[in-house]
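Every number in this text was worked out from the coordinates using simple rules, so none of it is lab data. Everything quoted here is computed from the prediction, not taken from an experiment. Backbone-built Cβ (ideal geometry, glycine too); neighbour counts: all protein chains shown.
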Amino acid sequence: MEKSQAKQEIAKLVKELNRHAYLYYVLDKPEISDAEYDRLYHKLKALENDFPSLVLPDSPTKRVGDAVSGDFAEVQHRRPRMSLDDAFSLSELDDFEARLKKLTASPLEYVCEQKIDGLQVVLTYKKGLLVTGATRGDGRVGEDVTHTVKTIRDLPLQLAEPVDAVVGGEIYISKQDFEKINQAQKKMGKPLYANPRNLAAGTVRQLDPKIAAARGLKTFVYDLEGDIAPQTQLAILEELKRLGFAVNMEYRLCRSLEEVKQYIGEIGEKREQLPYEVDGIVIKLNDLSTRQKLGATAKAPRWAIAYKFPAEQKETKVLDIVVQVGRTGKLTPVAVLEPVRLAGTTVSRATLHNEDEIEKKDVRVGDVVLVQKAGDIIPEILSVIISRRPHDTKPFVMPKTCPVCGGRVERVAGEAAHRCTAKDCYVVQLKKLEHFVSRKAFDMEGLGTKIIEQLYQVGLVRSPADFFTLQEGDVEPLERFAEKSARNLVESIQASREISLDRFLYALGILHVGDQIARDMASAFGSLTRVLDAHEDEFVAIEGVGEVVARSIYDFLQDEKNRALIKRLLKLGVSVTPVSTKQGGKLNDKTFVFTGTLTMSREEAEAKVQARGGRTSASVSKETDFVVAGEDPGSKYEKAKRLGVRILTESEFLNLL
């Protein structure tokens, strides 16, 4: 085939395939079979292989490119991508309208759209071609995820017109695709994903676009700026459809707040039957000129609000109550439930926390209970439906002996917790080893639960220090291992020998000491020697460490076995990096709290503060100097506003550094 002829054929095939993709993925009205589409696709690919210089930028073969290595590049948004104020009751919508009427005399028309539970994306088109796909990030700066965004089949690589445009929307995974992915995870013995939103967010941030392409990401778009200038939200949605985007067609123009409330009720009733997750309704003023006059606060536009649906609740049956044993020997009762679908996932277990919680709710095996997901994440039992209780149920009683090792169980004085008193409890030892190698501790790659259990059972690892004595020859004969995998594991362990003081303290597994208190201890003392020499009163003096925690730390560090463990770790080459406690750092004595999703990891952000003499905290108080708010900030943000604590965006935080 001549080059000129190939050029015409390639252009024709690209146009035809993109049209069929739009019909299939956006309109759900395919005109050809999958087999015919595949035939045309492979014909195009063959031509492109023969004439690589003729490949068009909007070719469907360009949807999956090469993997990205390293960190994502930053993308500065053309205008701030603000979050919305939330309303959790219909009366709050009345307040919203009252505020609008004080600010404008213009007639109030609203456009209501479903609030898709996904990841916000900002798409930039130049002369009709997609050039950048970015996350919202902190609202001003996002991450460049073009390589995964291009894999989304219902997203046009080229618009119907060669215009410049910036489009805002939501990337999501359908309920059906989410279930399929989790079924595949289960078959492979891998952990299940928590919910479609988290999976969508993680998929978009994959380095390898082939993984993203396999997960069936979808989009709904709702925002448009650029060459085309609609005057209303309705016109924006119509224009987006005309340009070739997937628009959620469940939107509605409402000429009164009563119509808005009616729409909320209708969507709430059919929410469960929708093919995607919806966690609320977004309500926007329709007229864009009125929006512009109203403007925005520091956080959100004044002309829009997000009504959040109440947490979904379902009835189910308690099939059993089992007791789990944790790292510290603490016994936790867990209700085994008749599986029920709740907030996007199938729930079959719910923690009952402790004996007091069970007695308070009077949960028994055989009960019909009302369950919900706290924050749409953690399953919890709200109440027992007493009227449906079988006559032969019995109150639950915490066991007197450990369900794993048979050791004596005692209730801790002054606490609601029961603990196994046996020092050699099998589960406790395994949990301690898992904690020691975890990401926030020594971060030893390749040491999952099953491998640790295997190492423990054959006697290779009984103490955390034993990890550093492992040789390739010890590991290679074990199940799941060969020469290369054994070498990789040992190298991973050896590479973790150097560790910061806070992570070392956290890795020891001291009762009541989480990663935040470990960081506070490291900042207060600076070196392991000073920590080991400290008296109980010195631990009490650390902000956030009360007498109970201080006693736990002091007792642990005075215990001869624990001292011997630390000494052995150091002898085996573990190097604990001291923390500078010098005064005069740029952020000296300044306390930071982080909330919401940041583009950097929370640990990285906290490390930046501590390296400059500041400190971090897990809670907001009057003593807090700054709250750094990322995407979707939580209750800490609201508390900071009430207390008048200065709130920084991530960009402002980085500028401060």
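Determine the gain in length on full extension of the stretch Met249-Cys405; use 0.36 nm per residue of separation and subtract their C-alpha separation, reporting nm with one decimal.
Difference between extended and current length: 50.4 nm.
When the helix-only estimate is applied to the chain (DSSP H runs of n ≥ 4, each -39,500 (n - 2.57), divided by the residue count), what is the mean residue ellipticity at 222 nm, nearest 500 deg cm²/dmol?
-10500 deg cm²/dmol
Which whole-number percent gives the relative contact order of the chain, counting Cα pairs below 8 Å spaced six or more residues apart?
10 percent
Lys/Arg Cβ at +1, Asp/Glu Cβ at -1, dipole of the chain taken about the Cα centre: which of Gly509, Leu240, Ile171 is farthest positive-ward?
Farthest towards the positive end: Gly509.
Identify which of the listed values of Kirkwood radius over Cα pairs in Å was calculated from the structure shown: [x] 26.1; [y] 27.2; [z] 28.7.
[z]
Given the options Leu100, Val260, Ala296, identify the residue whose Cα lies farthest towards the positive end of the charge dipole of the chain (+1 on Cβ of Lys, Arg; -1 on Cβ of Asp, Glu).
Farthest along the dipole direction, towards plus: Ala296.
Nearest 20 debye, what's the magnitude of the dipole of the chain about its Cα centre given +1 on Lys and Arg Cβ and -1 on Asp and Glu Cβ?
Charge dipole, the chain, about its Cα centre: 260 debye, nearest 20.
Can you compute the charge dipole magnitude of segment 313-418 about its Cα centre, using +1 on each Lys and Arg Cβ and -1 on each Asp and Glu Cβ, nothing else charged? Give it in debye, rounded to the nearest 20.
It works out to roughly 180 debye.
Which residue, Ser53, His20, Leu40, has the largest displacement toward the positive end of the dipole of segment 3-63 when charges sit on each Cβ (Lys, Arg +1; Asp, Glu -1)?
Highest projection toward the positive end goes to Ser53.
May I ask for the net charge around Ala296, where only other residues with Cβ less than 11 Å from the Cβ of Ala296 are counted and Lys, Arg are +1 while Asp, Glu are -1?
Working: positive: Arg79, Arg291, Lys299, Arg302; negative: Asp85.
Residues near Ala296 contribute +3 overall.
Classify segment 213-314 as rounded, prolate or oblate from the Cα gyration tensor: take a ≥ b ≥ c as the square roots of its eigenvalues, call it rounded if a/c is under 1.5, otherwise prolate when a/b beats b/c and oblate if not.
Oblate, because a/c is 1.5 or more while a/b does not exceed b/c.
Would you mind putting 476-484, 142-150, 629-637, 309-317 in packing order, based on average other-beta-carbon counts within 10 Å, highest first?
Put in order of decreasing packing, that is 142-150, 629-637, 309-317, 476-484.
Taking the highest mean first, how do the peptides 547-553, 164-170 order by number of other beta carbon atoms within 10 angstrom per residue?
Values: 547-553: 17.4, 164-170: 20.7.
Peptide ranking by packing, descending: 164-170, 547-553.
Could you work out how far apart the two model spin labels at Gln313 and Arg205 are, taking each label as a point 7 Å from the Cα in the direction of the beta carbon, and quote it in nm?
Taking the simple label geometry, Gln313 and Arg205 are separated by 3.4 nm.
How much length would be gained if the chain were fully extended between Asp144 and Asp537, taking 0.36 nm per residue of separation minus their Cα-Cα distance, in nm to one decimal?
Difference between extended and current length: 136.5 nm.
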